[in-house]
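A quick write-up on the structure given underneath.
The values are calculated or read from the model by the stated rules, or taken from the named source; none is laboratory data. Every value quoted in this text rests on a predicted model; they were computed, and no experiment measured them. Glycine gets a Cβ as well: all are built from the backbone with ideal geometry, and neighbour counts include every protein chain shown. Surface areas here come from the heavy atoms of the whole protein model, side chains and all, with no ligands, DNA or RNA. Shrake-Rupley method; radii C 1.70, N 1.55, O 1.52, S 1.80 Å.
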Amino acid sequence: EPLPALRSVTRTVARDATTCIKFRDSFFGGLWMRQRSLVEIARSVQSKSINPQQVLSESYHRFAETHDGLNALVQPHFQKAKDVCLKVDTQGPLAGVPASIKECFEVQGLQTTLGITSRCGQIDSQDAPIVKRLKSCGVVPVGKSNIPQAMYLHETNNPVWGRTNHPENQDRGPGGSSGGDAALVAAGVVSLGVGNDLAGSVRQPAHACGVSALLPTSRVLGNGGACNTMPNFNVVSSRAGLITSTIAELKHVASSLEFGVKAEEQPFRARRIAVWEHAGVIEPSSAIKRAVREAAQAVQHEGHYVEYIQDTVSEEAAWIMFGLLSADGGRDIRHLFGSEKPLRGVAKLLRIAGLPRWTRPGLAVLMRLLGNRIDAVALTATGKRSRKGFEELLARREQVVSHMKKTAKKFDAIICPVSSLPALPHETAARLVAAASPCLLANLVDLAAGTVPVTRVTEDEQSCRHFSFDRVLRTAMKADVDSAGLPVGVQVIGLNGEPPEQTVLDIMEAIESKANFSRWARQ
């Protein structure tokens with residue numbers, strides 16, 4: 001049977017490595033060792049003060065230490081990585097850097113299952129373009145990371161590889177759909193996570209796990225060769241994105257991949273920044289709003305111009321994006337499953353996507369009578385569309401594009417939430433899909449965006465929501481409970497700059513330099 005065999009391989013790799021680190025664990029008392037930064041690794045390999053095999057060994061040991069609790073690197077490939085180390089260009093800009101590759105990208109010798117059991121056993125015959133490009137810079141892929149089933153939720157769980165836990169709290173998940181990569185970077189297993197993002201899938205898990213992420217514009221990396229789960233949808237494409245611990249590391253990778261980004265310090269240029277405390281469908285938690293304010297204060301302290309404004313365009317963009325993604329009634333995603341039944345959360349979203357249009361107005365009225373305003377709006381905004389209905393969505397999208405062009409005449413960037421909530425408890429992502437709605441504007445309009453960790457939830461920020469009959473908001477209220485100590489990031493969206501990725505990274509770096517963020521607060 002494929003599933004027990006696949007899981008057995010992962011468990012065996014972890015178990016065999018455990019004996020190699022018993023002495024180290026007893027000597028260090030179980031404390032987390034300082035992890036080498038991505039930049040430090042590359043420079044040390046280039047100078048020959050360490051070799052790629054040593055770096056790989058550290059990654060392997062860290063994997064063995066964390067795998068039982070994390071379950072994020074679900075297709076470890078350390079034996080093959082040893083061969084890569086022997087051939088790596090030790091003068092490459094990313095020489096020896098260990099990286100996890102999201103399960104949706106091909107890695108020769110591994111599998112692209114998308115968390116669907118019927119896809120097991122199909123071995124990747126080659127590397128995806130993004131993997132080839134990274135390896136040419138000296139990156140050493142150590143395996144594939146876990147994803148949500150069909151990449152359809154911000155919750156990393158599937159029946160093939162199981163559930164990935166948050167690196168600091170096993171009652172919560174790392175987000176998704178690049179949740180495995182964010183967890184691995186946060187846990188120090190890899191220095192670089194390679195994901196993709198169609199609806200917040202790189203930025204949201206980075207926020208949840210307290211790491212940094214960059215989503216470049218589509219011209220930079222394209223989709224990186226990711227498996228396309230929605231082949232009949234071509235309005236908005238997923239984009240390859242990067243996850244690291246720090247902004248300096250993101251800058252180094254972006255410079256190495258020739259984004260046009262300069263990693264070294266540049267002459268200061270004051271930028272005009274709009275600040276949205278509230279963005280998207282669900283009101284942000286208190287800690288989220290505080291993080292946005294602290295980020296704004298940080299960039300203002302650095303000399304940038306900051307203006308707090310209210311703009312509903314983010315919420316409008318989210319509903320348009322949800323509408324576009326569900327316009328086929330979930331047909332493409334259902335096709336992936338064939339006769340196989342999806343997980344409960346995925347099945348719920350597919351049922352909603354498949355509801356006939358004629359039933360939606362009546363159901364929306366019922367939802368409003370029951371106090372479920374967000375569900376009511378979702379019913380009218382999503383679902384299968386006629387050609388005319390689809391064209392109406394496209395026209396609304398053009399209005400958002402026009403609005404953002406006008407905004408770009410006044411501002412160079414936007415600081416706003418990544419998500420309305422910190423890391424979500426397991427089994428709540430289907431109800432809280434709208435939590436990541438602040439991310440969708442950048443996807444809809446093809447803007448560069450990123451996530452930078454800022455702070456952590458405090459004890460008095462766990463119960464600040466007003467009571468509501470709305471079941472989405474009630475679930476959000478429950479998600480805030482017991483969230484003290486969880487990481488909180490903010491999103492920076494680039495509107496101007498040559499390239500706009502430089503604007504995003506420079507502003508995130510200014511935020512990071514002033515942020516009071518303790519990376520291992522819960523360890």
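Of note:
- Shape index of region 98-251: Rg/Rh, with Rg the Cα radius of gyration and Rh the Kirkwood radius from the inverse mean 1/r over Cα pairs, equals 0.93.
- For region 404-455, the average shadow cast by the Cα convex hull is 4.6 nm², which is a quarter of the hull's surface.
- Applying a threshold of 24 Å to the alpha-carbon distances of LYS48/LYS87; LYS102/LYS514; LYS135/LYS251; LYS87/LYS144 flags LYS102/LYS514 as lying beyond it.
- Cα principal axis extents for region 221-325, largest first, Å: 47, 38, 22
- The gain in end-to-end length when the ASP460 to LYS348 segment is fully stretched comes to 37.0 nm, 0.36 nm per residue minus the alpha carbon separation.
- Alpha-carbon gyration tensor eigenvalues x 5, square-rooted, for region 241-295, Å: 28, 16, 11
- Partners for LYS478 among lysines (Cα-Cα distance below 22 Å; same-chain residues under 8 apart left out): LYS289, LYS348
- Ratio of Rg to Rh for region 340-384: 1.02 [Cα atoms; Kirkwood radius as inverse mean 1/r over pairs].
- Measuring how big region 181-245 is from its alpha-carbon positions, Rg and Dmax come out at 12.0, 38 Å.
- Extension gain, ASN232 to LEU366, is 45.0 nm, computed as 0.36 nm per intervening residue step minus the present C-alpha separation.
- Solvent exposure of the chain, expressed per residue, is 40 Å² of accessible area, with all protein chains present and a 1.4 angstrom probe.
- Rg [Å, one decimal], Dmax [Å, integer] - region 73-112, C-alpha atoms: 11.1, 31
- For region 113-119, putting each phi into the Karplus relation 6.51 cos²θ - 1.76 cosθ + 1.60 with θ = phi - 60° gives couplings of 8, 6, x, 10, 4, 5, 8 Hz, in residue order, rounded to whole numbers and with x for Gly and Pro.
- Hull-based mean projected area of region 40-84, where the convex hull spans the alpha carbons, in square nanometres: 3.6 nm²
- Temperature 4 °C, viscosity 1.567 mPa s: under these conditions the Stokes-Einstein estimate for the chain, based on its Kirkwood radius over C-alpha pairs, is 56 µm² per second.
- Derived from the Cα gyration tensor, the three semi-axes of the equivalent ellipsoid of region 264-351 are 40, 16, 14 Å, largest first.
- For region 107-147, the Kirkwood hydrodynamic radius comes to 11.1 Å, computed from all pairs of different C-alpha atoms.
- With one equal scatterer per alpha carbon and no solvent term, the Debye-computed log10 I(q)/I(0) for region 365-469 at 0.13, 0.25 1/Å reads -0.75, -1.38.
- Each Cα pair under 8 Å and six or more residues apart adds its separation to the average, and for the chain the resulting relative contact order is 15 percent.
- Protein accessible area in region 365-453, 1.4 Å probe - carbon and sulfur %: 56 percent
- Carbon plus sulfur fraction of accessible area for region 99-185, probe 1.4 Å, in percent: 42 percent
- Distant alpha-carbon pairs in region 460-505 (separation over 16 angstrom), percent: 58 percent
- Förster radius 22 Å - calculated FRET efficiency between VAL401 and ARG269 (Cβ-Cβ, nearest 0.05): 0.25
- Kirkwood Rh in Å, taken over region 124-204 so that all alpha-carbon pairs contribute: 13.2 Å
- Only alpha carbons enter this Debye calculation for region 58-151, each as an equal point scatterer, and the log10 of I(q)/I(0) it gives at q = 0.10, 0.11, 0.23 Å⁻¹ is -0.26, -0.31, -1.22.
- Hydrodynamic radius by Kirkwood, which averages 1/r over all alpha carbon pairs of region 392-523, in angstrom: 16.6 Å
- The percentage of C-alpha pairs in region 308-414 whose separation is greater than 15 Å is 69%.
- Each principal axis of region 169-293 carries a Cα extent, and these read 43, 38, 34 Å when sorted largest first.
- Within the same chain, aspartates and glutamates fewer than 8 places from LYS82 are excluded, and of the rest, those with a Cα less than 16 Å from its Cα are GLU58.
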